[in-house]
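Notes to accompany the following structure.
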Amino acid sequence: MHQIVFNEISASEVSAIPTLEQLELIAGFKLDEDFLDGKKEDPAFGVVERDGRRIFRYRSKDYRIYFTLEDGTVVVQRVLHADSLKDFMFRANMGGNEDHALGQSRSFWKLIEAGENAPRR
């Protein structure tokens, strides 16, 4: 089992979600070691990569949790609503596979970096 840590931005994003939806989102966020090791695929999880950087994505209904693994700790960098991602991809004129398209976007990585640089709770 991994410890899950939220930074100030991701904690704020989660707190903006209605309470029952928060509970559903977090309850389903169970990490499979085989997925993390690349031995198993899971449609709820994905990987966004660019220039050797890697961030994991968990998809649950209308939300996406973007997280990194640091010394066995899950660090939640951002929690975004699917509609905000669709809008982001539309404005950036990106199509195709969500994870692949986001991996190619400098704007997406800036969004993630803001989370990585935010203080942790």
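Taken together, the values in this text are just the output of simple stated rules run on the coordinates, not laboratory data. Since we're looking at a predicted model, the values are computed, not measured. Positions of Cβ are backbone-derived with ideal geometry, glycine not excepted, and every protein chain shown enters the neighbour counts.
Hey, for a label at ASP42 modelled as a point 7 Å past Cα toward Cβ, could you say which residues of segment 1-35 have their backbone N under 16 Å away? Counting backbone N atoms under 16 Å from the label point, the list is 1-5, 24-35.
Evaluated at q = 0.10, 0.13, 0.15 Å⁻¹, a Debye calculation over the C-alpha positions of the chain (equal weights, vacuum) places log10 I(q)/I(0) at -0.28, -0.49, -0.66.
For the chain, the residue among GLN22, ALA114, ASN7 whose Cα projects farthest onto the positive side of the dipole built from Cβ charges is ALA114. Only lysine pairs 8 or more places apart or on separate chains count here, and in the chain those with Cα atoms under 26 Å apart total 9.
With contributions of -39500 (n - 2.57) from each DSSP H run of at least four residues, the per-residue ellipticity at 222 nm computed over the chain stands at -11000 deg cm²/dmol. For VAL5, the amide hydrogen comes within under 5 Å of the amide hydrogens of VAL74, VAL75, VAL76, counting only partners 5 or more places away or on other chains and with H modelled in the peptide plane. Charge dipole of the chain (Cα centre as origin; +1 on each Lys and Arg Cβ, -1 on each Asp and Glu Cβ, all else neutral): 300 debye, rounded to the nearest 20.
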